[in-house]
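Input: a single structure, listed below in structure tokens.
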Amino acid sequence: MKHRIFISFLHFFILSLFFSSAGAKVVLPSVLADNMVLQQQTEVNIWGKAAPGKTVTVSSTWSKQKYKTQAASDSTWLVRMQTPEAGGPYELTVSDGDKLTLRNVLIGEVWFCSGQSNMEMLMRGFDRQPLTDGSNNVIARAKASTPVRMFLCDNDADGHWQRQWARTPQTDVKGRWCLNEPQNVALCSAAAYYFAQFVQEVLEVPVAVIVSTLGGSRIECWMQQSGPVTEPDVKQHATPGVLYNAKVAPFQNYAVRGFLWYQGESNRDNAKDYAHLMKTMVSQWREAWKSKEAPLGAVGGAALPFYFVEIAPYDYEGADKTSSAYLREAQQRAAREIPNAAMISLLDAGNYNFIHPVNKRVVGERLALQALGRTYGRTGFGYEQPMYKDMELKDGKIYINVTGAVQGLCPMWTSLKGFEIAGSDRVFHPAFAEIETKSCRLAVSSKDVPEPVAVRYCFKNYAEASVFNIYGLPLAPFRTDNW
């Protein structure tokens, strides 16, 4: 009996030593790892866990300065360190007595990319839904020497999906930093990758995208809640807060330049609330990242930039129905009301049969143009999205003024498709529309509506763009009425 007690005590003692030793090892979240990219020329957070009371030292090969802190009673610790101009590779060492060294670290530009399946759609495409933008060739040409990096928390190295959600905010997430190699590029969000590739080529600095998405998810899932999620039956695509907790909160200590967002298809049933929801979500994210100053070279406001995609035309419940038209209208309202935010339209890139537009290159590159113009202050090219401004009624015609087309709209000298016009009876008729040669305004009329009061352009679930600015960016769909 005594012998058994002694063995049990010895076993407990050995296990105690083991866990004590294991607890002494510094632990970092998955986003702090080999191959990561840290935001340049700012203070970044380095954080993790260590034994309570342990002194943690952080050092790097880009600086002679060492940063020290002490692990709190709950084992957490955090230091803030300055990053230089873009460059690398560097090493970063964290030590609590035992050293942990992160290798092949770059300093550059970091963007957080989120949304539902159209942001999630891979460079290799979805099953039975390939991309038509040459992505396979882009994948094949990917080289690790090109400083584009990806943090993927949505699939593992074999391409298996990881559907993560949580009832309370998490401090870590399943994910991995990936080099710019074919097997990794194939599993990256196509919209995010084309964005990163474009910005990297222009700025000639390392560019990273953190991809955190879930297909079919509503915007409410990505918003912070006031307390834990208590619903007994959680639907990860629809339950408010569960994706914020699992796939946004773990990154809020990680410095980023801005946000990219492509979502909205799943919120067509509450389009009237969407602009408010988006404004609230953006405010929450900016507060979570505690953005106080404008990024270097930014224009338009002091908050972290937020660039997003207007959902593309698709049949939905019928091409001539309007559920997605109202959602696009709400997105445009959000673009006007959210500081330092901008929207790109895909009115010319939709697909009648597929809810996932098969050309994601245009998505990533239009988002990149917004970032290059608005955040990085580059000039000489067009990036502003043409959007409806106001209307004038004169001589039986309605004249439409727009923003984002200083040099005028096109094509000139031809009739334009997608326009409807209505009188006081609120019945819309197909309209004749053209761009006036002298003023470059849109002139819309119909012999069936001698006294028009309202115009709609492509205000349907599925429609095709016919009006562009001189840079080839489509005029976003609109209506002048509020019926």
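The values are calculated or read from the model by the stated rules, or taken from the named source; none is laboratory data. Since we're looking at a predicted model, the values are computed, not measured. Because the Cβ atoms are built from the backbone with ideal geometry, glycine has one as well, and the counts that use them run over all protein chains shown. All accessible areas refer to the heavy atoms of the entire protein, side chains included, with ligands and DNA or RNA removed. Shrake-Rupley method; radii C 1.70, N 1.55, O 1.52, S 1.80 Å.
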TODO: List the number of the failed condition for ALA443; all other conditions in (1) in contact (Cβ under 8 Å) with a residue 60 or more places away in the chain; (2) assigned to a strand (DSSP E or B) hold.
DONE: (1)
Open item on the list: I'm checking my understanding of the structure. Among residues of the range 146-161 that are under 21 Å from TRP111 (Cβ atoms), not in a strand (DSSP E or B) and not acidic (Asp, Glu), which one is modelled with the lowest pLDDT?
Closed with: CYS153
Task: Complete set of residues in the range 167-190 that are within 22 Å of ALA249 (Cα to Cα) and either without any contact (Cβ under 8 Å) to a residue 24 or more places away in the chain or not in a loop (DSSP other than H, G, I, E, B) (or both) - done: ARG176, TRP177, CYS178, SER189
TODO: Give the range 322-349 a look and list any residue that's open to solvent by 20 Å² or more (accessible area, probe 1.4 Å) and assigned to a helix (DSSP H, G or I), or say none.
DONE: SER323, TYR326, GLU329, ARG333, ARG336, GLU337
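Look through the range 393-405, keep the residues that are of a type outside the set (Lys, Arg) and free of Cβ contacts under 8 Å to residues at least 40 places away in the same chain, and return whichever of them is surrounded by the fewest Cβ atoms within 10 Å (Cβ to Cβ). Talk me through it step by step, then tell me what you get.
Kept after step one, since they are of a type outside the set (Lys, Arg), are these residues of the range 393-405: 393, 395-396, 398-405.
Of the ones still in play, those that are also free of Cβ contacts under 8 Å to residues at least 40 places away in the same chain are 395, 403.
Numbers: ASP395: 7, THR403: 15.
Applying the filter and picking the extreme gives ASP395.
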- [ ] Could you grab the pairs with beta carbons closer than 7 Å, sequence gap of 6+ or different chains, first residue in the range 139-166 and open to solvent by 50 Å² or more (accessible area, probe 1.4 Å), second one modelled with pLDDT of 95 or more and among the β-branched types (Val, Ile, Thr)?
- [x] TRP165/VAL234; TRP165/VAL242
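Here is a yes/no grid of residues against (1) of a type in the set (Val, Ile, Thr); (2) part of a helix (DSSP H, G or I); (3) over 15 Å from the mean Cα position of the chain (by Cα); (4) at pLDDT 95 or above:
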site: SER226; (1), (2), (3), (4): no, no, yes, no
site: HIS237; (1), (2), (3), (4): no, no, yes, yes
site: PHE259; (1), (2), (3), (4): no, no, no, yes
site: ASN270; (1), (2), (3), (4): no, yes, yes, yes
site: LYS279; (1), (2), (3), (4): no, yes, no, yes
site: VAL282; (1), (2), (3), (4): yes, yes, no, yes
site: LYS290; (1), (2), (3), (4): no, no, yes, no
site: GLU293; (1), (2), (3), (4): no, no, yes, no
site: LEU296; (1), (2), (3), (4): no, no, yes, no
- [ ] Give the residues of the range 48-81 that are within 21 Å of ARG149 (Cα to Cα) and either among the hydroxyl-bearing types (Ser, Thr, Tyr) or in a strand (DSSP E or B) (or both), sorted by residue number.
- [x] SER60, THR61
Task: Flag for TYR457 being aromatic (Phe, Trp, Tyr) and open to solvent by 10 Å² or more (accessible area, probe 1.4 Å) - done: no
Task: Candidate set from the range 350-392 (those that are within 30 Å of PRO130 (Cβ to Cβ) and hydroxyl-bearing (Ser, Thr, Tyr)); member that is surrounded by the most Cβ atoms within 10 Å (Cβ to Cβ) - done: TYR383
Open item on the list: Take VAL358 and tell me if it is in a helix (DSSP H, G or I), of a type in the set (Val, Ile, Thr) and within 24 Å of the chain's Cα centre (by Cα).
Closed with: no
Task: Members of the range 86-97 found to be open to solvent by 50 Å² or more (accessible area, probe 1.4 Å) and in contact (Cβ under 8 Å) with a residue 60 or more places away in the chain, listed by number - done: GLY97
Task: From the options GLU220, GLU231, residue that is surrounded by fewer than 16 Cβ atoms within 10 Å (Cβ to Cβ), acidic (Asp, Glu) and over 15 Å from the mean Cα position of the chain (by Cα) - done: GLU231
- [ ] Could you please let me know if SER30 is surrounded by 13 or more Cβ atoms within 10 Å (Cβ to Cβ), in a loop (DSSP other than H, G, I, E, B), at pLDDT 95 or above and touching a strand residue (DSSP E or B) at 6+ places or on another chain (Cβ under 9 Å)?
- [x] yes
Task: Failed item in (1) open to solvent by less than 40 Å² (accessible area, probe 1.4 Å); (2) under 22 Å from VAL37 (Cβ atoms), with ALA51 passing the rest - done: (2)
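Of the residues that sit in the range 420-435 and are in a loop (DSSP other than H, G, I, E, B) and in contact (Cβ under 8 Å) with a residue 12 or more places away in the chain, which one is nearest to ALA463 (Cα to Cα)? First the steps, then the outcome.
Residues of the range 420-435 in a loop (DSSP other than H, G, I, E, B): 423-427, 431.
Filter once more, keeping what is in contact (Cβ under 8 Å) with a residue 12 or more places away in the chain: 423-424, 426, 431.
Working: GLY423: 22, SER424: 25, ARG426: 21, ALA431: 15 Å.
In this case the residue turns out to be ALA431.
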Open item on the list: Condition check: among the hydrophobic types (A, V, I, L, M, F, W, C) and part of a helix (DSSP H, G or I). Does LEU393 satisfy that?
Closed with: no
- [ ] Just name the residue that is surrounded by the fewest Cβ atoms within 10 Å (Cβ to Cβ) out of those in the range 406-430 that are at positive phi and at pLDDT 95 or above.
- [x] ARG426
- [ ] Note down all Cβ pairs under 8 Å where the first residue falls in the range 251-269 and is without any contact (Cβ under 8 Å) to a residue 60 or more places away in the chain, the second is open to solvent by 10 Å² or more (accessible area, probe 1.4 Å) and among the aliphatic types (A, V, I, L, M), and they're at least six residues apart or on different chains.
- [x] GLN252/ALA288
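Name the one entry in LEU106, LEU100 that is open to solvent by 10 Å² or more (accessible area, probe 1.4 Å), among the aliphatic types (A, V, I, L, M), part of a strand (DSSP E or B) and in contact with a Phe, Trp or Tyr (Cβ under 8 Å, 6 or more places away or on another chain).
Going through LEU106, LEU100 in turn, just one is open to solvent by 10 Å² or more (accessible area, probe 1.4 Å), among the aliphatic types (A, V, I, L, M), part of a strand (DSSP E or B) and in contact with a Phe, Trp or Tyr (Cβ under 8 Å, 6 or more places away or on another chain): LEU106.
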